[in-house]
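Working notes, beginning with the structure itself.
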Amino acid sequence: MKTRDRKGQSDKDNQSGYRKCNAGPRKFKIMISKQWKKIKPKHRGSQLIPPWTDTLYHQFMEKNPFCTLSFKYQHVKMNNSRKKKSPFFHAAAKCTFNGCNAIYTFSKKRNPKSEDKKICFTVKRFGEVTHHKKHRRFRADKYRRRGKIGKSLVYGVSHYYYSMLKQTSTEQIMAAT
Ligand SMILES: [Zn+2]
């Protein structure tokens, strides 16, 4: 009898339906170099510019190729913000695998300087990574249905989801899982 309810990630579970589930590190850093010019917020803007999700996700994939991200929230601190201690940038993304509880936050503490060649973000994972062999990534399905297979699918980032959900705060995402 095969058991599918267990959350264990041993080889036995692997045979019974769970893909070998490597969670990747809980905390790591990613670097954006040339692409930063494209995505950095415009003067007084409080948002990174598309394709910022592709850019961050591409770097994320290098360190963690296991989860597929759908970005839910981003915030860039305004230049004139009085909140001196708040981070320059904060974003949250959720894994789109059915049943996967992983949420990732992307943050950058200090304001980037114009001479910075590399912009560094800290990525943190909350929740456990649980991927089932038979579960497909629903983001990809969504794209197929919408007939938009292309570069976005390769990177797996959906601007559609993002634009739909960009009002959602990190707290709401956390509460929903
Ligand atoms: Zn996942």
**Request:** Treat the count of other C-beta atoms within 10 Å as a stand-in for reagent exposure and order 109, 77 from fewest to most.
**Result:** 109, 77
**Complete:** The FRET efficiency for residue 35 and residue 115, from their Cβ-Cβ distance with R0 = 30 Å and rounded to 0.05, is 0.95
**Message:** Under the 0.36 nm per residue contour assumption, what length would be gained going from the current alpha-carbon distance of residue 26 and residue 81 to full extension?
**Reply:** 16.8 nm
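Read-outs: derived from the displayed coordinates by stated rules, not from any lab. As the structure is a prediction and not an experimental result, all values here were calculated from the model. Glycine also receives a Cβ, built like all others from the backbone with ideal geometry; neighbour counts cover every protein chain displayed.
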